[in-house]
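Asker: Sharing a structure here in structure tokens format.
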Amino acid sequence: MSTVTNPADFGKVAVLLGGWSSERQVAIWSGEAVLAALQSRGVDALGVDLTPERLFQLKSEGFDRVFNVLHGTGGEDGTVQAVLDLLALPYTGSGVLACALAMDKLRTKRIWKSEGLPTPDWLVLRSNEDALDAGIKLGFPYFVKPAAEGSSVGISKVKFATSAVSAYRRAAGEYEDRPRVVLAERMVSGGEYTCSILDGEALPIIRIEPDGEFYDYNAKYISNNTRYHCPSGLDQALEKRIRALCLDAFQLLGAEGWGRVDFLLDEHGEPWLLEANLVPGMTSHSLVPMAARAVGLSFEDLCWRILQTTVANTLNPSEAD
């Protein structure tokens, strides 16, 4: 990869923030943080609260590349990536196919399972009856979640059959014109963890102690009582094995650049992959910046490194280091 030392080499950079998904507010927080970091390093960066109409104008507005911090629908599912490809604008993160796959937890889990990677058992819920049957098939408690939302939007922990239908309806978006695909997933007890990926390297694992029963939206973005441990406290050999597993899981989806793989550890210390996040949060509570700090990268260093991957993709082979 080419190493950029002069911020002018990046040209004019659009930091995509906000957007139109259910994760809009998080994408504003992330984008503002990234924008400030890049500007502090002298990068000619401008925040763009993206709309579908504005997306098609980025090239004509003189932007040379894009730092995408749009979470959820549009920015993380391959839609924005497809348009940027058509515009020939280099962008951070993964391409269309990987983003579409990772945004769909159902297909992600199917790919991982088909390749022999561990992921908790699941069921697809299509009705209230399916939701009621899930407890019998998976055991209580279990989790119900939308297959294509991030930031723990719409997720519930179902402890009793009496709450199964309401959990299913919440995940499905009962008031939306197009109901979401919903998964019921076997609960794995033993701890919540995440492994960040940066330019082909798995960073130190973070162990999460959520404020509440699980790592929901409040625990992620609102609460100051969620605790994060990096180093994770795992045995060194186990951590090395799991980091390799997470990098494998990331690359199996065709992902590149940067991202995060979330997993659980069971009572025997065995990992179970949950999902891949290809446009992770970049807020004060976010996990990728935390893992980067553990290897000596400041937030500004991290943003620079991520943006630098877009330059490598635009160089001729003879120009690369």
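The values are calculated or read from the model by the stated rules, or taken from the named source; none is laboratory data. Predicted model only: the values in this text are computed from it and were never measured. Because the Cβ atoms are built from the backbone with ideal geometry, glycine has one as well, and the counts that use them run over all protein chains shown.
Asker: Which of the residues belonging to segment 173-199 are at pLDDT below 90 and among the aliphatic types (A, V, I, L, M)?
Answerer: 181
Asker: Then there is this: Please identify the pairs in which a residue from segment 242-265 that is farther than 21 Å from residue 186 by Cβ has its Cβ atom under 6 Å from the Cβ atom of a residue that is in a helix (DSSP H, G or I) and among the polar types (S, T, N, Q), counting only partners at least 6 apart or on another chain.
Answerer: Between residues of segment 242-265 that are farther than 21 Å from residue 186 by Cβ and residues that are in a helix (DSSP H, G or I) and among the polar types (S, T, N, Q), the close pairs are 257/309.
Asker: Does residue 62 qualify as being on the phi > 0 side of the Ramachandran plot, touching a Gly at 6+ places or on another chain (Cβ under 7 Å) and not acidic (Asp, Glu)?
Answerer: Values: on the phi > 0 side of the Ramachandran plot: yes; touching a Gly at 6+ places or on another chain (Cβ under 7 Å): no; not acidic (Asp, Glu): yes.
Considered against the rule, which asks whether it is on the phi > 0 side of the Ramachandran plot, touching a Gly at 6+ places or on another chain (Cβ under 7 Å) and not acidic (Asp, Glu), residue 62 comes out as no.
Asker: Do any strands (runs of 3 or more DSSP E) entirely within segment 227-279 hold 2 or more residues that are of a type in the set (D, E, K, R), and if so, which?
Answerer: In segment 227-279, the matching strands (runs of 3 or more DSSP E) lie at 258-265.
Asker: Within segment 114-136, work out how many residues are in contact with a helix residue (DSSP H, G or I) (Cβ under 8 Å, 6 or more places away or on another chain), under 11 Å from residue 165 (Cα atoms) and not small (Gly, Ala, Ser).
Answerer: 4
Asker: Follow-up. Search segment 1-18 for residues being modelled with pLDDT of 95 or more and of a type in the set (Gly, Ala, Ser), and hand back the single one that is nearest to residue 147 (Cα to Cα). If you could, list the steps in order and put the result at the bottom.
Answerer: Going residue by residue through segment 1-18, those that are modelled with pLDDT of 95 or more are 6-18.
Those left that are additionally of a type in the set (Gly, Ala, Ser): 8, 11, 14, 18.
On the way: 8: 41, 11: 37, 14: 29, 18: 22 Å.
Of everything passing the filter in segment 1-18, 18 is nearest to residue 147 (Cα to Cα).
Asker: Only one of 62, 42, 74 is touching a Pro at 6+ places or on another chain (Cβ under 9 Å) and farther than 20 Å from residue 309 by Cβ. Can you tell me which?
Answerer: Working: 62 fails: touching a Pro at 6+ places or on another chain (Cβ under 9 Å); 42 fails: farther than 20 Å from residue 309 by Cβ.
Of the residues listed, the single one that is touching a Pro at 6+ places or on another chain (Cβ under 9 Å) and farther than 20 Å from residue 309 by Cβ is 74.
Asker: Answer yes or no: is there a residue in segment 123-142 that is within 29 Å of residue 282 (Cα to Cα), in contact with a strand residue (DSSP E or B) (Cβ under 7 Å, 6 or more places away or on another chain), in contact (Cβ under 8 Å) with a residue 12 or more places away in the chain and in a loop (DSSP other than H, G, I, E, B).
Answerer: Scanning segment 123-142 turns up no residue that is within 29 Å of residue 282 (Cα to Cα), in contact with a strand residue (DSSP E or B) (Cβ under 7 Å, 6 or more places away or on another chain), in contact (Cβ under 8 Å) with a residue 12 or more places away in the chain and in a loop (DSSP other than H, G, I, E, B).
Asker: For segment 119-161, which residues satisfy the criterion of being within 25 Å of residue 252 (Cβ to Cβ) and at pLDDT below 95?
Answerer: Initial filter on segment 119-161 (within 25 Å of residue 252 (Cβ to Cβ)): 119-124, 138, 143, 145-153, 155.
143, 145, 146, 147, 148, 149, 150, 151, 152, 153, 155 - these are the residues of segment 119-161 that are within 25 Å of residue 252 (Cβ to Cβ) and at pLDDT below 95.
Asker: Please determine whether any residue of segment 225-247 is within 23 Å of residue 78 (Cβ to Cβ), modelled with pLDDT of 95 or more and touching a strand residue (DSSP E or B) at 6+ places or on another chain (Cβ under 8 Å).
Answerer: Among the residues of segment 225-247, at least one is within 23 Å of residue 78 (Cβ to Cβ), modelled with pLDDT of 95 or more and touching a strand residue (DSSP E or B) at 6+ places or on another chain (Cβ under 8 Å), which makes the answer yes.
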